[in-house]
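*Asks:* Below are the structure tokens for one structure; questions will follow.
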Amino acid sequence: MLDHLKDIEKEPGKMKNNVIIFGGDGFCGWPTSLYLSNLGFDVTIVDNLVRRKTDIELGCDSLTPIIPIYKRLALWKERTGKNIRYENIDVSEHYHRILTLFEELNPLAVVHFAEQRAAPYSMKSSFHKRYTVNNNINATHNILAAIVESGLDIHLVHLGTTGYYGYSSVGMRIPEGYLKVKVDVDGVEKELEIMYPPSPGSI
């Protein structure tokens, strides 16, 4: 996806220039935002900063100190002259704010990192489990629904956790996409296409 955007950047004026990074304050989202901004894209970060609140809740700090988001953005502007816009939106809750942002920016692409990323955190309690399921499923659903309702031509790149893939017990590389399988239906063998992986490590 990044190589594709680099190719587009080489031909200015042919494509839209706005890119939205959901979860852009995070471990993957922040360097992705800087990379795309440095390529010349107009980057908007959407993040509710919940990762920072989780650290406070757990009483821990990142091995690499993380300065406040507004200081991050100011330093990037100071060092490069480039602006990165920031919107504090809970993607799992504020659907109409996402839709409005899409309609305003008409982005070329959105990159979706906005998920609670650690399985152990979801196992702390019933609350943490319900929060994780609500956040991760609703955030993705809201982004997809907003793309459809906007009627805009927006590319989506979704990067989540390895929990989607599950674990192979037969020593093979886990395939991805659609697989052709044969099933017996009332004594008649039928061929179907199913999405894989079907054995995630968590909900």
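*Asks:* Pull up segment 61-105, narrow it to residues that are free of Cβ contacts under 8 Å to residues at least 12 places away in the same chain and β-branched (Val, Ile, Thr), then point me to the one that is farthest from residue 20 (Cα to Cα).
*Replies:* 64
*Asks:* Moving on to the next point. Could you list, in sequence order, all residues of segment 74-85 that are in contact with a strand residue (DSSP E or B) (Cβ under 6 Å, 6 or more places away or on another chain) and crowded, with 19+ Cβ neighbours inside 10 Å?
*Replies:* 84
*Asks:* Among the residues of segment 33-50, what is the count of those that are under 20 Å from residue 118 (Cα atoms) and assigned to a helix (DSSP H, G or I)?
*Replies:* 1
*Asks:* On the basis of being under 20 Å from the mean Cα position of the chain (by Cα) and either among the small types (Gly, Ala, Ser) or more than 26 Å from residue 155 (Cβ to Cβ) (or both), does residue 62 make the cut? Walk me through how you get there before you give the answer.
*Replies:* Details: under 20 Å from the mean Cα position of the chain (by Cα): no; either among the small types (Gly, Ala, Ser) or more than 26 Å from residue 155 (Cβ to Cβ) (or both): yes.
Answer is no for this residue.
*Asks:* OK, next. Could you count how many residues in segment 54-85 are modelled with pLDDT of 95 or more, part of a loop (DSSP other than H, G, I, E, B) and under 16 Å from residue 32 (Cβ atoms)?
*Replies:* Matching residues across segment 54-85 total 2.
*Asks:* So residue 111 ticks every box in (1) in contact with a helix residue (DSSP H, G or I) (Cβ under 9 Å, 6 or more places away or on another chain); (2) surrounded by 13 or more Cβ atoms within 10 Å (Cβ to Cβ); (3) free of Cβ contacts under 8 Å to residues at least 60 places away in the same chain but one. Which box is left unticked?
*Replies:* Checking residue 111 against (1) in contact with a helix residue (DSSP H, G or I) (Cβ under 9 Å, 6 or more places away or on another chain); (2) surrounded by 13 or more Cβ atoms within 10 Å (Cβ to Cβ); (3) free of Cβ contacts under 8 Å to residues at least 60 places away in the same chain, the one that fails is (3).
*Asks:* While we're on this one: Taking the stated definitions as given, is residue 93 in the same structural domain as residue 111 (by TED's automatic domain parsing) and modelled with pLDDT under 85?
*Replies:* So residue 93 does not fit the description; no.
The values are calculated or read from the model by the stated rules, or taken from the named source; none is laboratory data. These numbers come from a predicted model, not from an experiment. Reconstructed Cβ throughout: ideal geometry from the backbone, glycine too, with neighbour counts over all protein chains shown.
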